[in-house]
Structures are given as structure tokens and as C-alpha cells.
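Quick notes on the structure that follows.
The values are calculated or read from the model by the stated rules, or taken from the named source; none is laboratory data. Note that this is a predicted model, so its numbers are computed, not measured. Here the Cβ positions follow ideal geometry from the backbone for every residue, glycine too, while neighbour counts run over all protein chains shown.
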Amino acid sequence: MTPTSKLPKPRPQSMPEAEVEKARALGFCFGVRRAIKIIEKAAKGHHRIATLGPIVHNRLVVAKLADMGVEVVDDLARAKSGIVAITSHGVPPELLEQIQMRQIEVIDTTCPTVRSAQKAARKLAGGGFGVVIFGEANHPEVKGLLGWAGDKAIATMDGEELAKLSLPRKLGILSQTTQSRAQFTRFINKVVDIALPNIQELRIINTLCQETQKRQEAAVELAQKSDLMIVVGGLNSANTKRLAEVCAPIVATHLIETAAEIETVWLRGKKHIGVTAGASAPDEAIEEVVTKLETLPTG
Ligand code: SF4
């Protein structure tokens with residue numbers, strides 16, 4: 001290797017450059033890495049595996065696993081494979097019972113952080129609390145949490161909605177793991193305003209995921225010194241959408257899944273471009289985005 005081989009390629013003088021910086025915390029979290037590792041290991045053992053929904057909310061990851069023979073089904077009845085895998089988002093206890101009744105072999109990749117939230121929900125319900133989950137009612141993790149939280153549990157992101165309900169005397173609140181701390185705090189304050197006069201006991205369990213919080217804080221920090229933010233990740237990924245939501249009020253922000261979606265017009269006149277990525281975005285997708293941003297002209 002010659003002493004000059006490590007020097008960056010010279011750029012034409014006329015081509016304006018943007019500095020591209022990655023957030024100090026971004027991409028795969030431990031729960032996603034763990035889930036993928038478990039599935040890959042099982043697939044390499046030549047088992048046919050059906051996951052109940054995408055193992056993580058990223059189509060690149062799902063496509064890679066499909067190449068290894070891992071199919072995605074939306075219903076237990078559709079699983080043709082001998083082995084069924086529970087995704088990192090977890091499932092309600094009724095679904096676990098159905099799997100056991102059918103004597104299907106199961107691989108459980110539920111993230112330990114989600115598992116803790118499920119246990120908290122079950123404990124509240126067992127203690128006689130009506131449970132409110134701050135989260136998106138249609139998200140698989142929230143559907144699972146509702147199952148653990150008892151018959152009277154509800155999921156909402158709208159504190160005002162609670163004013164219309166007759167709330168139990170004992171109220172427990174927890175959050176979908178990937179929500180933002182600021183929004184969860186605002187929600188709790190609203191519930192206190194609305195409900196406290198009529199309830200006897202309010203219990204709040206902090207089930208927010210620290211990995212998600214670290215990525216959100218790092219994204220905000222980077223957005224504050226950037227003039228454009230690019231968020232890489234699945235368009236159906238809750239934690240990725242949240243990253244875009246926390247950056248958007250600070251600076252122009254675009255959420256993309258792959259480098260091919262970058263539009264040159266976004267880069268015009270930009271000098272410092274920040275890149276962050278959701279917890280289910282693979283390293284290769286992030287690096288492709290950074291490389292493309294570094295090579296595209298900004299003038
Ligand atoms: S974002 Fe948090 S809760 Fe979700 S899989 Fe990763 S570590 Fe688990």
C-alpha cells in the first residue's frame with residue numbers, strides 16, 4: 001500500500017460538498033439483533049419457519065430471511081411450516097395458548113424489553129387496575145400488550161379520549177416501548193388533569209425502551225446542528241417513524257428505506273446532513289445512504 005492510498009478521492013473544485021454525519025446511536029438495537037440471530041440460526045438448521053408477521057418492520061431484513069426459507073404469515077392457520085416464530089413485538093397470551101393447543105413447535109423472539117412491558121401489564125391487571133396503554137392500537141406490540149392487560153384495557157394516544165370514558169377507581173398506565181418520552185409525559189399529564197378527581201389510585205409504569213430513547217436523543221442532538229436529516233428505516237416501523245417525528249420540527253427531514261429514494265433536490269444548498277436510522281434498519285442500508293449522500297452534488 002502506498003502512503004497516498006488512504007487519501008480521499010479529489011472532488012472537482014466546482015462541486016459543493018456536504019458534511020455527512022451519523023447519529024451517535026442508530027440502527028439495529030439489541031432486541032432486533034437478537035431476533036434476527038435466533039431466526040437465522042434456526043433457518044441454517046434447515047428448518048422451514050413461518051413468522052407471525054414480519055420478524056422486524058424492515059422489508060430488507062424480511063427479504064434476506066425469505067432467501068433463507070423464512071416465510072411471513074399473518075395468521076397462525078396459514079402457517080404451512082412445522083415451526084412458527086413469534087416476532088420481536090411479542091403476542092397476546094391467547095395466541096400462545098392456540099400455538100400450544102396445536103402442538104406447533106415455536107421459536108419465541110419476543111424482545112426482553114417488550115416481555116417486561118407484558119409482565120407489567122399482567123401485574124396491573126392482576127392487581128385490579130384498569131390498564132391504559134399509550135400506543136398505536138393497531139401495532140402488533142400493542143395488540144400483544146392489550147392481551148396481557150386484561151379485558152378492560154384500552155390503547156390510545158389521545159388523553160382527551162379518556163375524558164369520555166368511565167374510568168376505573170384504580171388506573172394503571174404504561175407505554176408502547178417505542179413511543180417518545182416527551183409524548184408519553186404529555187399524555188400522563190393530560191390523564192392526571194382529566195382523571196385524578198375521580199380515581200383512587202394511579203400507577204404509571206415506565207415501559208419505554210432505553211434503546212429507542214437513546215436513538216431519539218441522538219437524532220434530536222444531530223438535527224439541531226444539521227440543515228437536513230435523513231432517517232433510514234422501514235416505513236411501517238414505529239420507532240423509525242418516531243425518529244422522523246422528533247427531527248421534523250427542528251429541520252427538514254426525510255424518511256427513506258433505501259439510498260435509491262434520495263432525491264438530489266433535497267440536498268440543494270445543504271452543508272451538514274445528519275443521518276439516523278431506526279432500530280430495524282440494517283447496517284448495509286445505512287452505509288449505502290451515507291455513501292450516496294457523500295457523493296451527490298449539493299449545488
Ligand atoms: S426497539 Fe427496544 S423494544 Fe423494540 S426490539 Fe429494540 S430493544 Fe426491543
*asked:* Out of everything in the stretch 71-90 that is of a type in the set (Val, Ile, Thr) and crowded, with 20+ Cβ neighbours inside 10 Å, what residue ends up being farthest from the ligand (Cβ to nearest atom)?
replied: VAL84
*Looking only at residues in the stretch 217-237 that are within 16 Å of the ligand (Cβ to nearest atom) and in contact with an Asp or Glu (Cβ under 9 Å, 6 or more places away or on another chain), which one is nearest to LYS22 (Cα to Cα)?*
VAL232
*Considering only the stretch 74-130, state which residues are in contact with a Lys or Arg (Cβ under 7 Å, 6 or more places away or on another chain) and closer than 12 Å to GLY147 by Cβ.*
GLY90, PRO92
*Just give me the residues in the stretch 184-212 being closer than 26 Å to THR110 by Cα and either within 16 Å of the ligand (Cβ to nearest atom) or in contact (Cβ under 8 Å) with a residue 60 or more places away in the chain (or both), in sequence order.*
PHE184, ARG203, ILE205, ASN206, THR207, LEU208, CYS209, GLN210, GLU211, THR212
*How many residues does the stretch 17-63 hold that are closer than 30 Å to PRO297 by Cβ, away from the ligand (no atom under 16 Å from the Cβ) and not in a strand (DSSP E or B)?*
5
_Filter the stretch 91-118 down to the residues that are touching a strand residue (DSSP E or B) at 6+ places or on another chain (Cβ under 8 Å) and within 11 Å of the ligand (Cβ to nearest atom) and list them by number._
THR109, THR110, ALA117
*All positions within the stretch 233-275 that are touching a Gly at 6+ places or on another chain (Cβ under 9 Å), under 26 Å from VAL32 (Cβ atoms) and either in the same structural domain as SER88 (by TED's automatic domain parsing) or not β-branched (Val, Ile, Thr) (or both)*: GLY233, GLY234, SER237, ALA238, ASN239, LYS241, ARG242, LEU243, ALA244, CYS247, LEU255, GLU257
*Of ALA121, ALA137, ALA155, ALA125, which residue is farther than 25 Å from GLN213 by Cα and either of a type in the set (A, V, I, L, M, F, W, C) or within 15 Å of the ligand (Cβ to nearest atom) (or both)?*
ALA125
*Identify the single condition in (1) of a type outside the set (Phe, Trp, Tyr); (2) in contact with a Cys (Cβ under 7 Å, 6 or more places away or on another chain); (3) more than 15 Å from the ligand (Cβ to nearest atom) that THR177 does not satisfy, given that it satisfies every other one.*
(3)
